[in-house]
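A.B. asks: I have a structure here, written as structure tokens, and I will follow up with some questions on it.
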Amino acid sequence: RFDQPQERVLAALGRASRVFPPIENSLRTQRPQACALSTREAADLVRDKALLLKASGFGVLLPGLDTRLNVRLRLRGGPSTPESDTSRTDGLGLLSFNSIVSYDWQLSLGDQPLSREEFEMLAELKEPLVQLRGRWVDVRPDQIERALAFIQKHQAGQMNLAEAVSTALAPTTLDGVPVAAVEASGWVEALFEDVRKGTRVDVVDDPPGFEGTLRGYQKRGVAWLATLQHYNLGALLADDMGLGKTAQLIALLLQRGQGPTLVICPTSVVGNWRHELARFAPRLKVLVHHGAARASAVDLVAAANEHDVILSTYSLLHRDEVGLAGVAWDGVVLDEAQNVKNASTRAAQAARAMPARWRVALTGTPVENRLSDLWSIFHVINPGYLGSAEEFRREFALPIERASDADAIARLKALTAPFILRRVKTDKSVISDLPDKQEMKVYCSLTREQATLYEAVLQDTMRQIAEAEGMQRRGLVLSLLTRLKQVCNHPALLLHDGSALSGRSGKLARLGEMLEEVIASDERALVFTQYAEMGRLLQNFLRETLDREVLFLHGGTPMAERDRMVAEFQSDANGPPVFILSLKAGGTGLNLTRANHVFHFDRWWNPAVENQATDRAFRIGQTRNVQVHKYVCAGTFEETLDDLIERKVALAQSIVGTSEAWITEMSTDDLRQMFRLRRDEAVAEDDA
């Protein structure tokens, strides 16, 4: 400032020259007025020394500079749409994330497009500061180098659809050059718009052939699934347990199915899928591919093409990979998709190898432990979309898990949000569509050990029943009922031998899986069993597998201890998430409204007794909707008895009564029919 005394100005310039030496040359004149700079000195001032001068108390005014070299993309889908042009490799029939998309690109400096000639001029000058169109440009050598490499690589102007979608949803860089904007035309533009909004397919009414009523949020879920299916893109339906993921998928099959669909699920839920398909879509032809009698690899193709849905299991997925991969599947559905969260497992590798037009993963826990779980599921439903495992780890997993990097979180959410539908029961828009109490059957399979014990007990006791009369006969029937219930629960309950529990009961396996999801949702559950010994077995098993405290109340629990457990479970603090109760001791007189899940591990003969137990959670003071899960071993007397109660529920008291005595009056032939084991429906024989 030259309104100050000259001595002060010279002194200030002297201090400034220590920060920026070129100023020193101007001090050789009597009245310094300007300082001529070379382009490299000017670049040094702009990039580094200006900040140092400001920090030293000097005012610095600089001209506006364009410093960011970037690229703008325009993706071209052509005049046709995928569905109207099946001759194209990106036609609907073959559209996938590997499909090729053409594009044009335009280099820009800031918001100013650069012609090829202008960019080449900048590159050839090799000067750090250049005046272009009346504006100064800060030319960074590293940017020029990356842009030159970009031009060389992108002469053809093509990329696969996965790269196009990820670039459009979360623009960052393309081969090191920042992406400033992405535009699209033709069917690519329609795809981007539909994927962002999830509205390509209108919200459906209940599709023809659907035996039931879809709630509002379920209709939106079916429409979302159908939108991604329309473009052959994979979907991850991650609704909370109890919101009806299975029903939504079945409705999708009825609305959009165009060929055989492969449903892969844990062995413990094969029966559940079979019954849900029969309930909601009886017109669909279903083939269960598991057990020793399953179709061979040679016969599977023909069998699959004669059915709409083929049910199989994760353990068979890799074992029968040759046969399963030989079918031209319309769709592949992965239920409980956390089973492929480890990409290196044989099941995950086989799932990726299944040829299919579209894929859907169903899970209430898409990320159980690490973000790599999510990458692994995406690698099955949309291969390559999130990059390689190492790229995902470097760009997302490490920054997010170690540093909670906000930019990495935002980018990952932008990339995955169009392909994930997650609804939770705490969302008011979802809760308003749910009933106060939702009951569902959980059909479980028997292990081979259970099936062997079941048939041995049945044959031995039925032989005795055929020769007995009166009270002895009635006692044998009740004994048979009890022993078969114990077998269906767990072999250790029948044998009383203190043997290991894991891997021997379909019910126990399914209970563990469902309780993990309950705990992951920060919810609580009641588990009812009529056997005190089963309650103790469950308590020990669940404490170990869930790594959480599990309470158990039974008839021998002292009153003070009973009150303590109830208070602990009802507390708002981090109380035990699971409370096991024997049906007689815990079925009445308790207020356990902290639970919003009720599991009936074994079934009572009277639905009123089960309802009383359910009412421990579903009562005044309950602020959440209650999910009731009734376990049934498919293909056993449990299913037969359940069907009888369901058909005649209005007359349950007169037919079933309040005890099991009515069963003792059945004829021997009727007893054989009721208790017989339908092995093809009941047994999980994946190890065959």
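The values are calculated or read from the model by the stated rules, or taken from the named source; none is laboratory data. In this text, all values refer to a predicted model and were calculated from it rather than measured experimentally. Glycine gets a Cβ as well: all are built from the backbone with ideal geometry, and neighbour counts include every protein chain shown. Remember, those area values only see protein heavy atoms, side chains included, never the ligands or the DNA or RNA. Shrake-Rupley method; radii C 1.70, N 1.55, O 1.52, S 1.80 Å.
A.B. asks: Does segment 73-81 include one or more residues that are open to solvent by less than 10 Å² (accessible area, probe 1.4 Å) and at pLDDT below 75?
C.D. replies: yes
A.B. asks: I'd like the full set of residues that are free of Cβ contacts under 8 Å to residues at least 40 places away in the same chain, within 23 Å of residue 99 (Cα to Cα) and surrounded by fewer than 20 Cβ atoms within 10 Å (Cβ to Cβ), limited to segment 391-416.
C.D. replies: Matches in segment 391-416: 391 only.
A.B. asks: Starting from residues that are open to solvent by less than 50 Å² (accessible area, probe 1.4 Å) and over 21 Å from residue 514 (Cα atoms), keep the ones in segment 571-593 and report whichever is modelled with the highest pLDDT.
C.D. replies: To start, the set of residues in segment 571-593 that are open to solvent by less than 50 Å² (accessible area, probe 1.4 Å) comprises 571, 575-583, 585-587, 590, 592-593.
Among the residues that remain, those that are also over 21 Å from residue 514 (Cα atoms) are: 571, 585-587, 590.
Values: 571: 88, 585: 81, 586: 82, 587: 74, 590: 78.
Within segment 571-593, the match that is modelled with the highest pLDDT is 571.
A.B. asks: Same structure again: Among residues belonging to segment 434-473 that are acidic (Asp, Glu) and in contact (Cβ under 8 Å) with a residue 60 or more places away in the chain, point out the one that is least open to solvent (accessible area, probe 1.4 Å).
C.D. replies: As a first pass, look at segment 434-473 and keep what is acidic (Asp, Glu): 436, 439, 449, 455, 460, 467, 469.
Now drop any that are not in contact (Cβ under 8 Å) with a residue 60 or more places away in the chain, which leaves 436, 439, 455.
Numbers: 436: 104, 439: 82, 455: 59 Å².
Per the stated criteria, the residue is 455.
A.B. asks: Does segment 650-688 hold any residues that are open to solvent by less than 80 Å² (accessible area, probe 1.4 Å), at pLDDT below 75 and farther than 21 Å from residue 477 by Cα, and which are they?
C.D. replies: 684, 685, 686, 688, listed by residue number.
A.B. asks: Determine, yes or no, whether residue 359 is in contact with a Gly (Cβ under 9 Å, 6 or more places away or on another chain), modelled with pLDDT under 85 and not polar (S, T, N, Q). Even if it seems obvious, please write down each step before you answer.
C.D. replies: Working: in contact with a Gly (Cβ under 9 Å, 6 or more places away or on another chain): yes; modelled with pLDDT under 85: no; not polar (S, T, N, Q): yes.
No, not satisfied.
A.B. asks: Residues in segment 292-332 that are among the aromatic types (Phe, Trp, Tyr) and more than 20 Å from residue 276 (Cα to Cα): how many?
C.D. replies: 1
A.B. asks: Let me ask something additional. Just the residues that are hydroxyl-bearing (Ser, Thr, Tyr) and more than 28 Å from residue 143 (Cβ to Cβ), please, taken from segment 161-199. Show your work before the answer.
C.D. replies: Let us first name the residues in segment 161-199 that are hydroxyl-bearing (Ser, Thr, Tyr), namely 166-167, 172-173, 185, 199.
Result: 185, 199.
A.B. asks: Another question, then. Mind listing whichever residues of segment 35-72 are at pLDDT 80 or above and among the aliphatic types (A, V, I, L, M)?
C.D. replies: 52, 71 - these are the residues of segment 35-72 that are at pLDDT 80 or above and among the aliphatic types (A, V, I, L, M).
A.B. asks: Just one of 476, 508, 481 is assigned to a helix (DSSP H, G or I), surrounded by 13 or more Cβ atoms within 10 Å (Cβ to Cβ) and modelled with pLDDT of 95 or more; which is it?
C.D. replies: Details: 476 fails: modelled with pLDDT of 95 or more; 481 fails: modelled with pLDDT of 95 or more.
When all the criteria are applied, what remains is 508.
A.B. asks: Sticking with this one: Scan segment 262-274 and tell me whether some residue there is within 27 Å of residue 643 (Cβ to Cβ) and either without any contact (Cβ under 8 Å) to a residue 60 or more places away in the chain or among the hydroxyl-bearing types (Ser, Thr, Tyr) (or both).
C.D. replies: yes
A.B. asks: Among the residues that make up segment 540-563, is at least one of them open to solvent by less than 30 Å² (accessible area, probe 1.4 Å), at pLDDT below 90 and over 21 Å from residue 444 (Cβ atoms)? Give the derivation first.
C.D. replies: Taking segment 540-563 as the starting set, the residues that turn out to be open to solvent by less than 30 Å² (accessible area, probe 1.4 Å) are 542, 546, 550-553, 557.
Next cut, at pLDDT below 90 only: 557.
If we keep only those that are over 21 Å from residue 444 (Cβ atoms) too, we end up with 557.
Taking every residue of segment 540-563 in turn, at least one turns out to be open to solvent by less than 30 Å² (accessible area, probe 1.4 Å), at pLDDT below 90 and over 21 Å from residue 444 (Cβ atoms).
A.B. asks: Another question, then. Restricting the search to segment 148-161, which residues are touching a residue at least 60 places away in the same chain (Cβ under 8 Å) and open to solvent by less than 10 Å² (accessible area, probe 1.4 Å)? Quick ask: steps written out before the conclusion?
C.D. replies: Looking only at segment 148-161, we keep the residues that are touching a residue at least 60 places away in the same chain (Cβ under 8 Å), and these are 150, 160-161.
Of everything in segment 148-161, those that are touching a residue at least 60 places away in the same chain (Cβ under 8 Å) and open to solvent by less than 10 Å² (accessible area, probe 1.4 Å) turn out to be 150, 161.
A.B. asks: Restricting to segment 518-538, name every residue that is buried (at least 20 other Cβ atoms within 10 Å of the Cβ) and assigned to a helix (DSSP H, G or I).
C.D. replies: Of the residues in segment 518-538, the ones buried (at least 20 other Cβ atoms within 10 Å of the Cβ) are 518, 523-531, 534-535, 537-538.
Residues satisfying the conditions are 518, 534, 535, 537, 538.
A.B. asks: Can you tell me which residues in segment 365-377 are surrounded by fewer than 24 Cβ atoms within 10 Å (Cβ to Cβ) and not acidic (Asp, Glu)? Quick ask: steps written out before the conclusion?
C.D. replies: Looking only at segment 365-377, we keep the residues that are surrounded by fewer than 24 Cβ atoms within 10 Å (Cβ to Cβ), and these are 365-374.
Listed by number, the residues that qualify are 365, 366, 367, 369, 370, 371, 372, 374.
A.B. asks: Let me ask you something else. Taking segment 608-628, which residues are assigned to a helix (DSSP H, G or I) and aliphatic (A, V, I, L, M)?
C.D. replies: In the first step, residues of segment 608-628 are kept if they are assigned to a helix (DSSP H, G or I); the result is 608-614.
Passing the criteria: 608, 609, 613.
A.B. asks: Restricting attention to segment 291-333, and to residues there that are of a type outside the set (A, V, I, L, M, F, W, C), open to solvent by 10 Å² or more (accessible area, probe 1.4 Å) and not in a helix (DSSP H, G or I), which single residue is nearest to residue 381 (Cα to Cα)?
C.D. replies: 330
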